[in-house]
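Visitor: Here it is, the structure in full.
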Amino acid sequence: MVSHIFVLNGPNLNLLGTREPEIYGSQKLADIEAALRAAAGDCTVDFRQTNSEGELVNWVQEASQTAQALILNAAAYTHTSIALHDALKACNIPIYEVHLSNPAAREPFRQTNFVAPCARASIAGLGARGYLVALEAAFETVS
Ligand code: CA2
């Protein structure tokens with residue numbers, strides 16, 4: 001049973017809702033957090049954002065020790081971070097990768113993905129709803 005979940009957000013996602021709404025939507029990260037908490041019911045949600053690669057790696061390791069599922073929008077580190085890939089490989093809980101936009105339909109530099117090979121599922125292009133879809137999937141998972 002999933003009773004504690006980590007939701008980790010990577011660099012620049014603290015700026016959500018301030019620029020590029022045509023790509024990322026108009027909701028702020030705090031709005032996404034509130035919607036997730038409302039949908040999570042009795043499941044506790046540890047929701048965090050960082051601009052630091054090392055901090056994200058540390059949090060993945062922490063999630064693996066303390067949570068039953070990880071929802072991760074690694075933002076640009078998705079496309080660059082072997083350190084994050086290695087941390088996710090060592091992570092013992094199911095990982096649900098989320099992107100607001102659909103990187104597969106964007107620039108060539110977004111076509112490299114170091115997260116997807118470690119994820120149980122990847123949800124992209126659904127905007128903020130992607131986080132809720134990931135939560136629903138985490139709840140349905142018998143792991
Ligand atoms: O679509 C996503 O969720 C991304 O993870 C967002 C990242 C991008 O690098 C990935 O390729 C796809 C960018 C997050 C930055 O978000 C901003 C939002 C508003 C203003 C500035 C940045």
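Visitor: List pairs: first residue in the stretch 121-140 and within 16 Å of Pro103 (Cα to Cα), second residue of a type in the set (Phe, Trp, Tyr) anywhere in the structure, Cβ distance under 6 angstrom, at least six positions apart or on different chains.
Guide: Pairs that qualify, where the first residue is within 16 Å of Pro103 (Cα to Cα) and the partner is of a type in the set (Phe, Trp, Tyr), are Ala121/Tyr96.
Visitor: Follow-up question, since we're still on this one. Which one is farthest from Gln68 (Cα to Cα), of the residues in the stretch 4-35 that are within 10 Å of the ligand (Cβ to nearest atom) and aliphatic (A, V, I, L, M)?
Guide: If we take residues in the stretch 4-35 being within 10 Å of the ligand (Cβ to nearest atom) and aliphatic (A, V, I, L, M), then Ile23 is farthest from Gln68 (Cα to Cα).
Visitor: So, one more: Working only within the stretch 109-128, note down all residues that are of a type in the set (Lys, Arg) and closer than 25 Å to Leu36 by Cα.
Guide: Arg120
Visitor: Is the stretch 85-108 home to any residue that is within 22 Å of Ile32 (Cα to Cα), out of contact with any helix residue (DSSP H, G or I) (no Cβ under 8 Å at 6 or more places or on another chain) and not basic (Lys, Arg)?
Guide: Yes, the stretch 85-108 contains a residue that is within 22 Å of Ile32 (Cα to Cα), out of contact with any helix residue (DSSP H, G or I) (no Cβ under 8 Å at 6 or more places or on another chain) and not basic (Lys, Arg).
Visitor: Shifting gears a bit: Look at Gly54 and say whether it is more than 16 Å from the ligand (Cβ to nearest atom), touching a residue at least 24 places away in the same chain (Cβ under 8 Å) and either within 17 Å of Val133 (Cβ to Cβ) or surrounded by fewer than 13 Cβ atoms within 10 Å (Cβ to Cβ) (or both). It would help to see each step written out before you state the result.
Guide: Numbers: more than 16 Å from the ligand (Cβ to nearest atom): yes; touching a residue at least 24 places away in the same chain (Cβ under 8 Å): yes; either within 17 Å of Val133 (Cβ to Cβ) or surrounded by fewer than 13 Cβ atoms within 10 Å (Cβ to Cβ) (or both): yes.
Yes, satisfied.
Visitor: What is the one condition in (1) among the charged types (D, E, K, R); (2) within 15 Å of the ligand (Cβ to nearest atom); (3) more than 12 Å from the chain's Cα centre (by Cα) that Glu97 does not satisfy?
Guide: (3)
Bear in mind that the values in this text are calculations on the coordinates, not laboratory data. Just so we're clear, the structure is a prediction, and the values are computed from it rather than from any experiment. For neighbour counting, all protein chains shown are included, and Cβ atoms are generated from backbone atoms with ideal geometry for every residue, glycine included.
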